[in-house]
Amino acid sequence: MVVLVIHHRSNLAAYLAAIAATLYYRHWRSFRIVVVENNNVTPTATATPWCGTNTVSDLRLGHHDFVVSYLLRTVLIGDADTGIVPLGSVNLAPLAANGYGAVDGPVPTQSVYVRVAAGSEVPVGMLYHPIVVINRLREVLAPAVTFVSLKLTHSLRQLVAQMVPEDQAVVLDFTANSPISTLRNFGYLMSSNLVGVHHTGGQSMPPSALWLPQFKARVGVAPRNLWRARRGPSINNRHTCIDIEPEKQDLIETELISQLDLNYCLRVCDTTLDILEGLVMRGEIRVLSNKL
C-alpha cells in the first residue's frame with residue numbers, strides 16, 4: 001500500500017491535487033490518498049466573492065494536456081455541480097457612465113464584459129464561486145479519500161507516523177516555511193477590487209466578481225512564482241516527505257490567492273504529478289498496476 005498525504009493551506013488546492021492524483025494514477029492498485037485539511041484558513045461563503053480568470057495563460061505545465069485539457073475543461077467545467085461558467089470572450093473596460101446600481105460595499109470602477117462559451121467552444125476564461133467548487137470537490141472525493149485535520153499538538157510528520165505506521169507514505173507538504181499573518185484584512189482588499197459583470201449568453205451571472213489577473217497585478221503578486229521541492233525529515237524510514245515552498249515568499253499569494261485562484265491550484269496539481277512521477281522513475285514508489 002502506498003499512501004499519498006497532501007497538506008496545503010488551501011483546501012481548494014489540496015482537493016484539486018487529490019482529484020488530479022486519483023485520476024492520473026487510477027490504474028494503480030493499493031493506492032490511498034489522505035488530505036490534511038486546514039480548517040483555520042478555509043474561507044466562508046459570505047466573505048468570498050465570485051472570481052473570474054483567464055484559462056489561456058502562461059502556466060508552463062509539464063502535464064498540460066492532462067491538467068488543462070482533461071482536468072480543467074472536462075472534469076471541472078464539465079461538471080455542472082461545480083458551478084463554473086466557461087467564457088467564450090472576456091473584455092475589461094471602465095464602468096459605463098450611467099454608473100452601477102445599489103451595492104452593499106465599495107462600488108466597482110471597472111466592468112468585465114463576458115460571453116458564455118457555447119457547446120464545444122474552448123473557453124478563454126471562467127467565472128466561479130470558490131466555495132461552491134470546494135464543496136463539490138469534497139463531495140466527489142469523499143468516497144475514496146480520507147480527510148483529517150492537524151491538531152495543534154501534532155506536527156504533520158507525527159500525524160502521518162500515527163496514521164500510517166507500516167505502509168509506505170509520500171507526504172507532500174506545501175506549507176513548509178509558509179509565512180503566517182496575523183493581519184487578515186483580506187475582506188476589504190477583495191471587495192475594493194471587484195469589477196461589475198455584464199454578460200451575454202442567457203446564463204445567470206453575479207453582479208460583480210474579483211477578476212484575478214487584474215487583482216494579482218494590483219497587489220503585486222508575481223505572475224509566476226516558482227516553487228522548490230526538497231526532501232524533508234521524516235519519523236518513519238518508510239515515509240518520503242517532500243517540502244514544497246515558493247522561491248519568493250508572498251503572504252497574499254500564500255493566504256489569499258491560493259484560496260481563490262483555480263490557475264494557482266492547477267499548478268499545485270502539476271507539481272504533485274511531477275513529484276510522484278520522479279519518485280516512481282527513481283524506484284522510490286513501488287505499486288502494482290491494473291494495466292495489462
Query raised in the report: Of the numbered conditions (1) over 16 Å from the mean Cα position of the chain (by Cα); (2) buried (at least 19 other Cβ atoms within 10 Å of the Cβ), residue 261 satisfies every one except a single condition; which is it?
Result: (1)
Report task. Could you tell me which residue of segment 155-169 is surrounded by the most Cβ atoms within 10 Å (Cβ to Cβ), considering only residues that are of a type outside the set (S, T, N, Q) and in a loop (DSSP other than H, G, I, E, B)? Result -> 164
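Filter segment 113-133 down to residues that are β-branched (Val, Ile, Thr) and out of contact with any His (no Cβ under 9 Å at 6 or more places or on another chain) and give me whichever is surrounded by the most Cβ atoms within 10 Å (Cβ to Cβ). Reasoning before the result, please.
As a first pass, look at segment 113-133 and keep what is β-branched (Val, Ile, Thr): 114, 116, 122, 124, 131-133.
Among the residues that remain, those that are also out of contact with any His (no Cβ under 9 Å at 6 or more places or on another chain) are: 122, 124, 131-133.
On the way: 122: 11, 124: 17, 131: 19, 132: 16, 133: 23.
Among them, the one singled out is 133.
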Report task. Considering every residue within segment 248-266, establish whether at least one is aromatic (Phe, Trp, Tyr) and in contact with a strand residue (DSSP E or B) (Cβ under 8 Å, 6 or more places away or on another chain). Result -> no
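Every read-out reported here was derived from the displayed coordinates using simple, explicitly stated rules and does not represent laboratory data. Here the structure is a predicted model, which is why all the values come from computation and not from measurement. With ideal geometry, Cβ positions are generated from the backbone for all residues, glycine too; neighbour counts draw on all protein chains shown.
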